[in-house]
Amino acid sequence: MIRLQEPWLTSPDTQAVLQALENAGAQALMVGGCVRNALLDYPVGDIDISTDATPDRVTQIVTAAGLRAVPTGIDHGTVTVVTQNTAFEVTTFRHDVETDGRRAVVSFATTVEEDAARRDFTMNALYARKDGTVVDPLGGLDDINTRKVRFIGTPSDRIREDYLRSLRYFRFHALYGDPENGFDTDALDGIAANLEGITQLSRERIGAEMMKLLAAPDPAPSVATMRQIGLLALCLPGADDTALGPLVHLESQAGLPPIALRRLAVIGGEDPMQALRLSKSQNRARGILRNEIGSTREAAELAYRHDVDTARDVALLRAASFGTPPPSDLEARITLGADAQFPIQAEDLMGQFSGPALGVRLKELEQAWISSDFQLDRYALMAL
């Protein structure tokens with residue numbers, strides 16, 4: 001018997017919600033990501049609770065216990081229960097009545113087994129009781145131990161319930177899978193057989209999932225496999241992941257955190273703003289990185305014109321794209337450019353230039369200053 005012993009589990013807030021439900025005769029089990037991550041020794045974020053009590057009954061129970069109930073997802077069986085310090089999503093056991101590949105019509109269920117069967121992966125169908133005892137209806141513990149991402153039941157059936165699960169599979173493999181064991185062949189066969197379903201999804205959902213994947217510590221094997229089976233081209237036409245693996249390696253050497261936009265810049269793609277529904281700010285940042293990969297601006301100028309992070313990112317993107325190491329003096333060059341201040345103001349030139357000519361002259365002098373490695377002072381520049 002496996003029993004979790006986690007601070008979030010034994011906290012008074014968590015125990016208060018579970019105790020209230022159990023005191024009223026309801027089942028109450030923690031489920032999904034919190035249990036999975038605890039078993040894998042990963043950080044735990046949200047704490048989700050499953051119960052056989054209906055949403056109305058959950059509301060009555062927790063209100064009587066002095067807790068606050070917020071009807072955040074009644075149609076899907078979810079009530080957010082708010083304690084003094086924490087919010088918990090409490091969801092009634094469910095089973096799918098009808099699915100169309102994008103959304104499901106659900107009905108309330110009464111057993112853990114029914115609730116588990118409608119989930120996506122076995123490692124997400126693990127539950128824990130109030131005392132931490134793990135409940136494993138579908139063999140998820142074995143898959144946790146071997147770090148195998150496996151669909152529940154027949155992969156095609158799970159995918160046709162929600163085609164986004166094809167993308168989620170690759171994200172979960174990047175986060176939780178064992179890279180030495182590769183990918184589950186049944187999962188890949190199921191995804192390959194249902195590629196057309198991706199076109200039914202909104203670009204917002206595809207974009208959100210792709211950005212989560214690219215933010216994983218090492219998404220390169222997942223993205224490469226997506227390309228091989230044809231999924232990457234459907235999500236981001238024109239993407240080329242050749243330089244993604246080298247970029248991840250360079251990031252690790254430099255001690256940089258994984259940034260999805262940096263990885264997106266190196267794989268390119270046709271109109272990512274539309275394909276992935278990037279925000280304007282995201283697309284602007286991606287565009288700067290993408291454009292500067294092929295520019296002649298070196299690190300100091302990039303730091304001066306943009307910022308330190310952009311200069312460092314571009315250096316790594318160039319190294320990954322062209323197969324060359326980053327400059328040995330990269331950090332010194334970035335610091336030089338970041339600290340540089342152009343010594344000429346528009347007012348200095350107003351006696352000689354005006355209108356558009358003034359702007360042109362300022363740019364000429366600025367470029368001369370940059371070309372001097374930021375060495376020319378105001379007097380030298382004015383004499384040019």
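The values are calculated or read from the model by the stated rules, or taken from the named source; none is laboratory data. Given the structure is predicted, the values throughout are model-derived calculations rather than measurements. In this analysis, Cβ positions are derived from the backbone assuming ideal geometry, glycine residues included, and neighbour counts consider all displayed protein chains.
Taking helices (runs of 4 or more DSSP H) as the structural unit, those lying wholly within the stretch 328-384 and holding at least 2 residues that are exposed (fewer than 11 other Cβ atoms within 10 Å of the Cβ) correspond to 355-371.
Selection over the stretch 140-174 of residues that are more than 19 Å from Asp41 (Cα to Cα), surrounded by fewer than 19 Cβ atoms within 10 Å (Cβ to Cβ) and free of Cβ contacts under 8 Å to residues at least 40 places away in the same chain gives a count of 4. Here Ala128 qualifies as of a type outside the set (Phe, Trp, Tyr), in contact with a strand residue (DSSP E or B) (Cβ under 9 Å, 6 or more places away or on another chain), within 30 Å of Pro12 (Cβ to Cβ) and in the same structural domain as Thr10 (by TED's automatic domain parsing). In the condition set (1) over 22 Å from Leu256 (Cβ atoms); (2) at pLDDT 95 or above, Ala299 is compliant with all but (1). For the structure I just gave you, tell me whether Phe342 is over 30 Å from Thr199 (Cβ atoms), over 21 Å from the mean Cα position of the chain (by Cα) and in contact (Cβ under 8 Å) with a residue 60 or more places away in the chain. Here the answer is no, as Phe342 does not meet what is asked. Residue count for the stretch 57-74 under the criterion of being at pLDDT 95 or above, assigned to a helix (DSSP H, G or I) and of a type outside the set (S, T, N, Q): the result is 5.
Scanning the stretch 303-321 for residues that are surrounded by fewer than 18 Cβ atoms within 10 Å (Cβ to Cβ) and within 24 Å of the chain's Cα centre (by Cα), we see that the one that is nearest to Ala239 (Cα to Cα) is Asp309.
Taking helices (runs of 4 or more DSSP H) as the structural unit, those lying wholly within the stretch 214-302 and holding at least 2 residues that are more than 16 Å from the chain's Cα centre (by Cα) and of a type in the set (D, E, K, R) correspond to 280-293.
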